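For reference, the structure is listed below as structure tokens.
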Amino acid sequence: GGVYGGATDLALACDFRIGDGNAQMFMPAARLGLHYYESGMVRYVTRLGVNAAKLLFLTARRIQAQEMLQIGYLTTLCENGQLDATVDALVSDLNSMAPLSVKGMKRAINEIARNALDREAFAKRAQQCFQSEDIKEGLRAFHEKRAPRFSGR
């Protein structure tokens, strides 16, 4: 369905945004005479880029699913009627990953996106993963050609 105004920013705060062919969005701030709040504008620019942020904020144009995907607003565009299955597949993929690795890399990606990478903390997280039970399990499972069973330790 549609996502409008502040809800567009709420969705941008999420790691993944999945939509089907019925998805559409628009940011009506300029049409309403509103100067949008700082953190929302920062999120738009850092996640979508300057050109997409300008198009969405300055024109208040409604865009459809395919353009939402093209500008990076949607991370996945699925067929109509496949939204639940697509979300379930993503959740399944995420749940099968090593929690320490996912948590550390997610933090690093977000820091890099903000141009605020804490290199010392990054190295600490990488070392923690390298010394974890999860890496041992992951390597064992790979060699045994089976799905790993991660513990988050």
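Quick notes on this structure:
- Each Lys or Arg adds one and each Asp or Glu subtracts one; over the other residues with Cβ under 15 Å from the Cβ of Phe122, this totals +4.
- Per-residue [θ]222 nm for the chain (sum of -39500 (n - 2.57) over DSSP H runs n ≥ 4, rounded to 500): -17000 deg cm²/dmol
- Degrees, to the nearest 10: 38-48 long Cα axis against longest axis of the chain: 70 degrees
- Antiparallel content of DSSP bridges confined to the chain, in %, to 5: 25 percent
- With K and R counted +1 and D and E -1, the other residues having a Cβ less than 14 Å from that of Phe57 yield a net charge of +4.
- Rg and Dmax of the chain, based on Cα coordinates, read 19.0, 61 Å.
- Selection of chymotrypsin sites (Phe, Trp or Tyr not before Pro), segment 33-99, meeting DSSP coil and at most 13 other Cβ within 10 Å: Tyr37
- Rule-of-thumb Rg ratio for segment 103-142 [Cα; 2.2 N^0.38 Å; N residues]: 1.35
- Near the amide H of Asp20, within less than 5 Å, lie the amide hydrogens of Cys78, all on another chain or at least 5 residues away, with H placed in the peptide plane.
- With contacts taken as Cα pairs under 8 Å at a separation of at least 6 residues, the chain carries a relative contact order of 22 percent.
- Other residues with beta-carbon under 15 Å from the beta-carbon of Ile71 carry, at +1 per Lys or Arg and -1 per Asp or Glu, a net charge of +4.
- Accessible-area composition of segment 1-67, carbon plus sulfur, in percent [1.4 Å probe]: 56 percent
- For the chain, the solvent-accessible area works out to 66 Å² per residue, with a probe of 1.4 Å and every protein chain left in place.
- Each residue of segment 135-152 is assigned a 3J(HN,Hα), and the resulting list reads 5, 5, 5, x, 5, 4, 4, 4, 5, 8, 6, 9, 6, x, 10, 7, 10, x Hz, derived from the Karplus form 6.51 cos²θ - 1.76 cosθ + 1.60 (θ = phi - 60°), x at Gly and Pro.
The values are calculated or read from the model by the stated rules, or taken from the named source; none is laboratory data. Only a predicted model underlies this, so the values are computations on that prediction, with no experimental measurement involved. So basically every Cβ, Gly included, is an ideal-geometry build from the backbone, and we count neighbours across all protein chains shown. The accessibility values were calculated without ligands, DNA or RNA, using every heavy atom of the protein model including side chains. Shrake-Rupley method; radii C 1.70, N 1.55, O 1.52, S 1.80 Å.
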